[in-house]
Amino acid sequence: MGDIIDPLGVKFKNPLPLLHQHFHDRPVGTVKFKKPTKDGIEFEAEIAKIEEDGPLKDRCDTAWGELKYGLVRATSVGFRPIEYSFMDNGGIRFSEVEVYELSTVTIPAQPDAVIFDTIKSLDAAARKAAGVPDPEIPQPDEPAPQSKKARVVKLDEPAEGSVAPFVVREIKRT
């Protein structure tokens, strides 16, 4: 998005709420940030494992499942700006912020904020420790159709007249 948060200017009070998709009224766990460095801030997050059936269990199970299967693969912080300046490129440089939550998100503002590999390896280690075999991944009967042409559309450039619009006509659940 063109904005920059200086990790050395991040203030927080552990533990923080772990949210799913920034829904402030529906937490799914907790997160503890480690000491900020110039390269970023490592964290440990835990999604609550709820035993009683109900909406809370469903919400936490959904958040875990979406991470586990790679449908949600990133994080984003909710914060209050304290000190900031506007950059020439139009973005904002936040030199000091107060972070009040971390969320698992489908589309992060910072594209490098992905966590899927860690979740996948943790899940594999937990299955192995419990003596549970890896799940079978069903294979399709036929290979997926292949295309010999690729079309690149750059979002910051206008489309040329010869480029047909991309239209989704149908979405199916598989």
**Item:** Whole-Hz couplings from phi, Karplus 6.51/-1.76/1.60, listed for the range 19-35; x for Gly and Pro
**Value:** 10, 10, 6, 6, 7, 5, 8, 9, x, 10, x, 10, 9, 10, 7, 8, 5
**Request:** Using θ = phi - 60° and the Karplus relation 6.51 cos²θ - 1.76 cosθ + 1.60, list the HN-Hα couplings for the range 8-18 in order, rounded to whole Hz, with x at every Gly or Pro.
**Result:** 6, x, 7, 10, 7, 10, 6, x, 9, x, 9
**Prompt:** When the distances between all Cα atoms of the range 1-119 are binned every 5 Å from zero, what whole-number percent does each bin get?
**Reply:** 2, 11, 20, 24, 19, 12, 7, 4, 1, 0, 0
**For the range 87-94, 3J(HN,Hα) per residue [Karplus equation, 6.51 cos²θ - 1.76 cosθ + 1.60, θ = phi - 60°, Hz, x = Gly/Pro]** = 9, 4, 7, x, x, 10, 9, 8
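Go through Lys13/Lys68; Lys13/Lys35; Lys11/Lys34; Lys11/Lys57; Lys13/Lys38 and tell me which ones have a Cα-Cα distance over 23 Å in this structure. Write down the numbers at each step before the final one.
On the way: Lys13/Lys68 27 Å; Lys13/Lys35 11 Å; Lys11/Lys34 11 Å; Lys11/Lys57 31 Å; Lys13/Lys38 19 Å.
As for pairs spanning more than 23 Å Cα to Cα, those are Lys13/Lys68; Lys11/Lys57.
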**Prompt:** Share of the range 52-97's accessible area from carbon and sulfur, percent, 1.4 Å?
**Reply:** 50 percent
**Complete:** Hits in the range 37-71: amide N under 18 Å from the 7 Å Cα→Cβ extension of Asp25, namely 55-60
**Message:** Under 5 Å between amide hydrogens, which residues at least 5 positions from Ile5 or on another chain qualify, with H placed 1.01 Å from N in the peptide plane?
**Reply:** Phe94
**Prompt:** If amide H atoms are built 1.01 Å from N in the plane of the peptide, which residues on other chains or at least 5 residues away come under 5 Å of the amide H of Phe43?
**Reply:** Lys34
**Item:** the range 1-97, accessible area per residue, ligands and nucleic acids excluded (1.4 Å, Å²)
**Value:** 68 Å²
**Fill in**
Note: Met87 to Thr37 extended length (0.36 nm per residue) minus current alpha-carbon separation gives 15.8 nm
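The values are calculated or read from the model by the stated rules, or taken from the named source; none is laboratory data. Note that the coordinates shown come from a computational prediction; the quantities given were computed from them, not determined experimentally. Positions of Cβ are backbone-derived with ideal geometry, glycine not excepted, and every protein chain shown enters the neighbour counts. Surface accessibility is based on the protein's heavy atoms, side chains included, excluding ligands, DNA and RNA. Shrake-Rupley method; radii C 1.70, N 1.55, O 1.52, S 1.80 Å.
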